[in-house]
Amino acid sequence: MKKEKYNVVVGGATGAVGNEMVSILEERNFPVGELKLLASPRGAGTKIEFKGKEYTVGVMKEDSFEGMDIGLFSPGASVSQKFAPIAAKAGCVVIDNTSAFRMDPDVPLVVPEVNAHAIANYYKKNIISNPNCSTIQMVVVLKPIHDVARIKRVVVSTYQSVSGTGKRAIKELENQVLAIYNQQEIKCEVYPHQIAFNCLPHIDVFLENGYTKEEMKMVHETKKIMEDDSIRVTATTVRVPVFYGHSESVNIETEKKITAEEVREILSKAPGVVVVDDPKNAQYPLAIYAAGKDETFVGRIREDESIPNGINLWIVADNIRKGAALNAVQIAEILIQKYL
Ligand code: 3JN
């Protein structure tokens, strides 16, 4: 017997992604029975509205998950590492937005437009991972091209908004802009350097190989979601002074020749993708217009004239919505439709 409603717990409810998860559950009229909002002791006590009712955020504890059906988690990787298995054991299927389980072979890593079928394996650990925001928007666009022309190599540079770091970073950019205009001292607390009017080629920590962890997440996650380890991916991830919306310059090399017009045609039919590609009229995807939207926008589609089978693309999406909260809720929708 299918349930009519599902008890949902949002972990990390006070963060930028957690807030958006609650809004999207309401917006999409997800069949929520009991709703539990949890955070760290610091966030506990915060009030959040859902469907006209005020909820008080509680502290995430080991006994928080009894009787809960679905957990939408975005509390930071170390908290997920500890609490997701506890929730899973209590019968609560966790959709986790952190990197904690993404590369675990027994945990599906899912972008519904690309590999919804992988959700079937959720039962192995009762955990499903949401990919990194930069990976999600890229694979939504690459998969339909891969299916037709087989992508051999991807070279991506990102232009990531500060909301990807969280609420404190949004405030830091705001404060720095105000400080500059008011000729006051600039404070750098979240980022190692000034982010206002600057670009930082540094997202997450640096690894032994000289890449950042964010860059290597894009490499490994792309292969797992596209279910093709042979795709070569190299990434440079950059933080830019934008509030919402990540942009990406993506160069691909395909096995089969594909023209820019063919790519436009394929992408215009792709689920979750909107082609905005009319350069003569200055129409191309922009972060300020993608913010607040569900779709992934792609434009500047053109052939790479330096190699026989290359295509250049400009891909933009709302990193908090499609890059995080929306993707998680879409997974939850499929989970209840097909599996729970
Ligand atoms: O910086 C961004 O735009 C996205 C940030 C993602 C992020 C930040 C801290 C920790 C992640 C992530 O989702 O990969 C993690 C993490 O879970 O490791």
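For this structure, a couple of remarks:
- Evaluating residue 17 against the criteria (1) without any contact (Cβ under 8 Å) to a residue 12 or more places away in the chain; (2) closer than 17 Å to residue 94 by Cα leaves one unmet condition, (1).
- Matching entry among 324, 287 (being surrounded by 15 or more Cβ atoms within 10 Å (Cβ to Cβ) and touching a Cys at 6+ places or on another chain (Cβ under 8 Å)): 324
- Members of the range 217-227 that are in contact (Cβ under 8 Å) with a residue 12 or more places away in the chain and either in a helix (DSSP H, G or I) or small (Gly, Ala, Ser) (or both): 217, 218, 219, 220, 221, 222, 224, 225, 226
- Single residue of the range 238-289 satisfying the filter (among the small types (Gly, Ala, Ser) and in a strand (DSSP E or B)) that is nearest to the ligand (Cβ to nearest atom): 247
- Within the range 282-340, tally of residues that are of a type in the set (Phe, Trp, Tyr) and touching a helix residue (DSSP H, G or I) at 6+ places or on another chain (Cβ under 7 Å): 2
- Matching residues, the range 109-139, being assigned to a loop (DSSP other than H, G, I, E, B) and either surrounded by fewer than 20 Cβ atoms within 10 Å (Cβ to Cβ) or more than 16 Å from the ligand (Cβ to nearest atom) (or both): 125, 126
- For residue 178, the test of being in contact with a helix residue (DSSP H, G or I) (Cβ under 7 Å, 6 or more places away or on another chain), assigned to a helix (DSSP H, G or I) and over 30 Å from residue 112 (Cβ atoms) is failed.
- Residue check for residue 323: within 27 Å of residue 29 (Cα to Cα), under 14 Å from the mean Cα position of the chain (by Cα) and either in a loop (DSSP other than H, G, I, E, B) or among the acidic types (Asp, Glu) (or both): no
- Restricting the range 160-174 to residues that are surrounded by 20 or more Cβ atoms within 10 Å (Cβ to Cβ) and closer than 21 Å to residue 322 by Cβ, the residue that is nearest to the chain's Cα centre (by Cα): 164
- Of residues in the range 228-237 being touching a helix residue (DSSP H, G or I) at 6+ places or on another chain (Cβ under 6 Å) and in a strand (DSSP E or B), the one nearest to the ligand (Cβ to nearest atom): 237
- The range 74-108, residues that are touching a helix residue (DSSP H, G or I) at 6+ places or on another chain (Cβ under 9 Å) and within 12 Å of the ligand (Cβ to nearest atom): 74, 75, 96, 97, 98, 99, 100, 101, 102, 103
Yes/no per residue for (1) out of contact with any helix residue (DSSP H, G or I) (no Cβ under 6 Å at 6 or more places or on another chain); (2) not polar (S, T, N, Q):
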position	(1), (2)
115	no, no
134	no, no
143	no, yes
153	yes, yes
156	yes, yes
170	no, yes
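Table: residues versus (1) within 14 Å of the ligand (Cβ to nearest atom); (2) part of a helix (DSSP H, G or I).
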site	(1), (2)
142	no, yes
154	no, no
158	yes, no
163	yes, yes
174	no, yes
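- Looking across the range 290-340 at every residue that is in contact with a Phe, Trp or Tyr (Cβ under 8 Å, 6 or more places away or on another chain) and within 15 Å of the ligand (Cβ to nearest atom), the one that is farthest from residue 266 (Cα to Cα) is identified as 320.
- Enumeration of residues in the range 238-261 that are among the charged types (D, E, K, R) and either in contact with a helix residue (DSSP H, G or I) (Cβ under 6 Å, 6 or more places away or on another chain) or surrounded by 16 or more Cβ atoms within 10 Å (Cβ to Cβ) (or both): 239, 248, 253, 256
- Any hit, the range 197-212, residues being surrounded by fewer than 17 Cβ atoms within 10 Å (Cβ to Cβ) and touching a residue at least 60 places away in the same chain (Cβ under 8 Å): no
All of the numbers you see were taken from the coordinates with simple rules; none came from a lab. Bear in mind that the values here come from a model prediction, so they are computed numbers and not experimental data. Cβ atoms come from the backbone with ideal geometry, glycine included; neighbour counts cover every protein chain shown.
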